[in-house]
Amino acid sequence: MRNKKVKNMHKAAMCLVAAITAMSTMSGTMCTVRADLRNYVHSSAAAMYAKTKNSEKNFSIINSDQTRLVNMKWAQYLVVGFKEGYGLGNTRILVDGVDVTDAMTKVTDDGAIVKCELNSLHPATLTVQDQWGQKKDRVELSDEMTAEKNEPSKLAALTNASPAYLVAHGPVSVFDYYITNYDSEGEIRKYPKKTTFDLNGVVDADHIRSYSPETERKADGSGCVEILFNYNTAQTVDWFDSVEKTGAVELVEVGDQLTTIGRNLTYTKEITMHSGHECGCIRIPLGQGNLQSNGRFYIRTISKGHKSALTPIHIVNEKAPKLLISESGKIVSGQNLHFQIKDMVDGLKESIETVELTDPTGETTVLDYIDDWYHYGSTGLFVLYNDTTREQGENHIPYKGTYTLTIKAAGYKTFSKKFMVDEGKTLDDGRKSGVKKYTPEVDTVSGATGLSTGGEGSSVSGGTKVSANLIFKGDLLINALILDDLDVKCAAASAIADRWNYDVICDYVLTADGKEKYAWTEYYNEASDAQLEGRYLSFAEYAEETAAEDGSLRPSEAKMVLEDNLLGDLTSDYLTEGSGTEDKEKESGDQENEQLSKSSEKGEEGKDAPKDDAKEAFVPKRMAVSQGNGYFTNTYFYLVYDNKNEQMKDYLQAVTQMSVNGMPYAKAADYEYISSASGSKFKYGDGTDGYDRFLLLTYGDGTNSDHLTFVIKAKGYRDVTFTIGSNGELKEEEPPKVKRKYKELDLEGAAKKIKKS
């Protein structure tokens, strides 16, 4: 009955198309409407038909809800989702009798979902059979009514026919643009390491399991982080034995960036017994470097010749905080409940990660920050909201009886408080709707590192935006769009799809070698117009028929979208895919050009003065956030330096002179400069200002100026000059760049110049 209904719906839609076609001569606009509607009818009706037609079948090999055609208007893919136990290794996939198994590529890491591009827009039947020929699933992909006259004479699978890279531009938060992201090995991330997605949280086969119990910091500041490693197989024994006794342990910041914030930590390494089993053990004393503060961190343990291990640790005070009720009388159901937290000091960052409430029946609910509770920082006031008159307000204490409120906070032991609700419904009244229930699936270590669905990973929302050139790797984007279209839950894929669909404008397609580019708008229109005519146009076919533009005329610098929707480091060699070859060639070419274009600098006794090319090329990254409103009068202005670059500390120590609008700042100590005229400070943030591990400027000179011009001089480094407007806009004076003309160098002439100098 449902199949008949779908066919009738499709016939009605096609009649509507015919009617609009008859009217199309009346208006050019009507032609556009007809084209869009016709395309919509063909794609959505075919998908609806296939889904309805196949939903009533019992399949042995495939998941029917993940098996269909996915049309993006500029490309279309046949997608097959396998049931557990099946995959490309033990099945054959045929489309209209043509075997396309070898052309299928993975969408997910485990190959549970695969895809293939076809030369046909409306293939009719998909057949998937096991390698023994015992089981066979048949899927109807298209209704015969959607077939077009322009189908190819013979169906074929396409390989390497999709866009290799897509270049786009769009707004990116200042934080995301300037921040540097690192991988688990501590290496700067520039390129996506894979184009498929993990749906199961599968751990690598060579992953080394490790565990660290909660570390207590004594009142005198002493304590020791202990990390235990498996030491029961040849692999784990070899891994732990390959950890050096010095220089192999690093402190890493919790977050998507995985920033190394402590190197060369002092530690001991030994074999110990734990729960009756032999374990590798590393002990790290507290009090060194950034281990002077409490909270959640990672410890990276480096094993020579193996992958590093990243172990979450939690450093807490020996004394647990205390939760006290702050009320003057009976506790009544529906009233907001106030508490006072003792022995927990919070700065600008909220330490509380999870709040749980257990009711008189023993059921535990995880409460939401702001909607259900709020902590007023350093005052210690904690409020449990129960007022139903508030927007989205819920009464969390509807029953008379004993409740337990449990709080988990970074840097502190878990603490709780039992309390009695004196007036409320009795349990015999039965549970009525009104208490919001949550599934307690909170990862307290990585809960702050989840992907945002706003299209920018776990980036900071709001704030100043900059227009950025972004590069999408074609296969990564296509896989993300497929999972998003199938409504498969994958935060990374959804975030990449949202960034593409809502945040950027695509400019052109780059070939894999970067030598040729094609305007995106032209390609999109040709591909979608072809679909309107009932035929499929792949990018490879389009490129054969279209004159390409010079691919070298592309953005000099861009950021690649990574597999978790974070952004790779700003780079000019974004097509090398992390090979490092082009990096080395460019660095070598730059140095050679500088040597040939400049006369040698002479030092004492006529010798060449030593030069540090790395310092000469280094330019600190900057991002600015203004709290002013037109002028910098009586306000604070933070100039935030990205101190996550390993060379940044050396640079900051080398700063000898700086000025703002001509006003000099004298060096008072390492990382601290003071204006004698105003007392304004330019210093390294220690956390009290809310900018941990950043250099910032506290500017309050009261100068009526609509801009701030900075000049910073550092020994061994080039001078840095930049201007910041009151709206936070950053304008830099770019240092002169040496043109890279390797083949055009006049080596003989340059050698003569050097000899003369």
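The amide H of residue 67, built 1.01 Å from its N in the peptide plane, has 81 as neighbours under 5 Å, considering only residues 5 or more places off or on other chains. Residues whose amide H falls under 5 Å from that of residue 225, counting only those 5 or more places apart or on a different chain, are 284, 286, with hydrogens built in the peptide plane. Using the Cβ of residue 133 as centre and a radius below 15 Å, the other residues enclosed give a net charge of +1, where K and R count +1 and D and E count -1.
Once backbone amide H atoms are built at 1.01 Å from N, residue 156 has 119, 120 as its partners under 5 Å, excluding neighbours fewer than 5 places away on the same chain.
Classify segment 283-382 from the C-alpha gyration tensor, please: rounded if a/c falls under 1.5, else prolate or oblate depending on whether a/b exceeds b/c. Verdict is prolate for segment 283-382.
What does the charge count around residue 161 come to, taking other residues whose C-beta lies under 9 Å from its C-beta (Lys +1, Arg +1, Asp -1, Glu -1)?
Details: positive: none; negative: 117, 541.
Every neighbour counted, the sum reads -2.
A simple rule links phi to the HN-Hα coupling: the Karplus curve 6.51 cos²θ - 1.76 cosθ + 1.60 with θ = phi - 60°, which for segment 407-415 gives 10, 10, 9, 5, x, 9, 5, 5, 9 Hz, with x for Gly and Pro. Ordered by the count of other Cβ atoms within 10 Å of each Cβ, fewest first, 269, 319 give 319, 269. In a reduced charge model with +1 at each Lys and Arg Cβ and -1 at each Asp and Glu Cβ, segment 210-316 shows a dipole moment near 180 debye about its Cα centre.
For residue 224, the shell of other residues with beta-carbons less than 14 Å away shows a net charge of -2, using +1 for Lys and Arg and -1 for Asp and Glu.
As a footprinting exposure proxy, order 273, 420, 663 by other Cβ within 10 Å, with the fewest listed first. Walk me through the numbers before you get to the answer.
Details: 273 9, 420 12, 663 15.
Lowest count first: 273, 420, 663.
Given the pairs 349/408; 73/517; 304/559, which are separated by over 23 angstrom at their Cα positions?
Working: 349/408 15 Å; 73/517 20 Å; 304/559 31 Å.
Checking Cα-Cα distances, 304/559 exceed 23 Å.
Rounded to the nearest Hz, the phi-derived 3J(HN,Hα) couplings of segment 156-163 under the Karplus curve 6.51 cos²θ - 1.76 cosθ + 1.60 (θ = phi - 60°) are 8, 8, 9, 10, 6, 9, 8, x, where x marks glycine and proline.
Residue-wise HN-Hα couplings along segment 503-509, as the Karplus relation 6.51 cos²θ - 1.76 cosθ + 1.60 with θ = phi - 60° gives them from phi, are 10, 10, 10, 6, 9, 6, 9 Hz; Gly and Pro carry x. Ranked by the mean number of other Cβ atoms within 10 Å of their residues, highest first, the peptides 98-109, 153-164, 129-140 come out as 98-109, 153-164, 129-140.
Laboratory data are not the source of any read-out in this text; all were calculated from the coordinates shown. This one's a predicted model, so the numbers in the text were calculated from it and none came from an experiment. Cβ: placed from backbone, ideal geometry, glycine included. Neighbour counts: every protein chain shown.
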